[in-house]
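The values are calculated or read from the model by the stated rules, or taken from the named source; none is laboratory data. The structure displayed is predicted, hence computed values, not measured ones. FYI the Cβ positions are ideal-geometry reconstructions off the backbone, even for glycines, and counts take in every protein chain you see. Just so you know, the surface numbers come from the protein's heavy atoms only, side chains and all, with ligands and any DNA or RNA stripped out. Shrake-Rupley method; radii C 1.70, N 1.55, O 1.52, S 1.80 Å.
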Amino acid sequence: MNRKLVRVVVSAVVAGSLSACATMSPVAGNFPPITPRQSQTGAENGKVVRWGGSIIHTQPEASQTCFQVLAFRLNSEGRPETGRGESDQGRFLACAPGFYDPELYSAGREVSFIGTITGVQTMKVGGFDYPYPKLEASRVYLWPLRPPERVSRTVYINSGFGWGWGGPYFWGGPGWWWDYP
């Protein structure tokens with residue numbers, strides 16, 4: 001009887017531990033609230049941060065891949081909140097050792113990085129010299145694509161019986177029209 005209770009308790013602890021690992025974000029942790037825009041002066045060099053955003057360009061090189069990223073605020077899991085208002089976090093350059101395929105890490109994809117700020121590199125944005133804070137990334141996480149939002153459409157068909165019957169927009173007489181909820 002006592003042995004049976006021990007098995008149940010151990011099984012519950014193991015199951016709880018495994019489920020906790022399964023729900024943990026791949027870029028979890030506590031990081032200073034430093035934005036790329038705040039790092040453009042170089043005063044934040046040497047600090048470990050978690051940044052993310054939308055990929056502008058991916059450039060594989062001989063021993064590393066560099067990403068130009070438009071920064072967005074991150075949610076509690078570390079995922080960029082790309083659809084929620086203005087960015088105003090600036091841009092940054094993140095370089096990670098190894099090859100990251102530009103077809104997978106393509107423009108517009110959401111990505112998060114953990115790494116050390118190593119300096120500022122000035123690059124052109126149009127005709128403007130823009131100071132990109134440079135991040136030496138130790139962790140790169142490409143977020144899965146978000147499912148497309150469902151858009152519902154309603155079609156009203158007017159049989160022509162009576163005024164005002166058939167929906168919010170009644171034009172009178174037989175016919176049909178689209179209405180958006």
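Below, the figures for the structure above:
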item	result
All positions within region 86-113 that are under 14 Å from the mean Cα position of the chain (by Cα), under 16 Å from PRO133 (Cβ atoms) and in a strand (DSSP E or B)	VAL111, SER112, PHE113
Complete set of residues in region 139-167 that are open to solvent by 100 Å² or more (accessible area, probe 1.4 Å), of a type outside the set (A, V, I, L, M) and modelled with pLDDT of 65 or more	ARG146, PRO147, PRO148, GLU149, ARG150, ARG153
Selected residue (criterion: farthest from SER138 (Cα to Cα)) from residues of region 88-115 that are among the aromatic types (Phe, Trp, Tyr) and open to solvent by less than 30 Å² (accessible area, probe 1.4 Å)	PHE92
Restricting region 116-138 to residues that are surrounded by 11 or more Cβ atoms within 10 Å (Cβ to Cβ) and among the small types (Gly, Ala, Ser), the residue that is nearest to PRO102 (Cα to Cα)	ALA137
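For every residue, the table says whether it meets (1) more than 19 Å from ILE117 (Cα to Cα); (2) open to solvent by 40 Å² or more (accessible area, probe 1.4 Å); (3) at pLDDT 95 or above.
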site: ARG50; (1), (2), (3): no, yes, yes
site: ILE55; (1), (2), (3): no, no, yes
site: THR58; (1), (2), (3): no, no, yes
site: GLN64; (1), (2), (3): no, yes, yes
site: PHE67; (1), (2), (3): no, no, yes
site: ARG73; (1), (2), (3): no, yes, no
site: SER76; (1), (2), (3): yes, yes, no
site: GLY83; (1), (2), (3): yes, yes, no
site: GLU86; (1), (2), (3): yes, yes, no
